[in-house]
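Laboratory data are not the source of any read-out in this text; all were calculated from the coordinates shown. From a predicted model like this one, the values you see are computed outputs, not experimental measurements.
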Amino acid sequence: MFKHILVPTDGSPLATIALDNAIALASGIGSRLTVLYVVEPFHTFSLDPDQLGETQKSYEAHSIEWADNILGHAAGKARAASVACETLRVVADEPYRAIIETAMDRGVDLIAMASHGRRGLDAVLLGSQTQKVLTHSGIPVLVYR
């Protein structure tokens, strides 16, 4: 079965549900987890409201603090369920690529992640990291909606 599960998270409520389900799955089958948070690098020209009005240093500090907080909560949940868990924070422009590269580098055999289920124009404009992982990954992907 699956021995090592990668769980990418952004800390959203839906991603938290996926994390909770992945922890339950890992606990039930004796797997270990790696929880991944991908930080988007600072861009001088951006439409992202989190980057507007911030300096690069303050953005990076805030992003690292935010990611580490989410990863700390994830590790605590895994620990409470007696699931071995490693956390990892990476900086990448394209989260789906970072997810797949991390999965390959860490030797995981399942990626468990959330999908917001965007359709139509939202899916076209916002894109779907989950869809991109599904399309490009050679590793099985379990999607929680």
(message) For a quick check: with amide H placed at 1.01 Å from N, whose amide H comes under 5 Å from Leu33's, ignoring anything fewer than 5 positions away on the same chain?
(response) Ile5, Ala84, Cys85, Glu86
(request) Give a residue-ordered list of calculated ³J(HN,Hα) values for region 107-116 (Karplus: 6.51 cos²θ - 1.76 cosθ + 1.60, θ = phi - 60°; whole Hz; x for Gly, Pro). (result) x, 6, 10, 7, 10, 10, 8, 8, 9, 7
(request) Could you tell me the distance between the Cα centroids of region 1-35 and region 131-145, to the nearest Å? (result) 14 Å
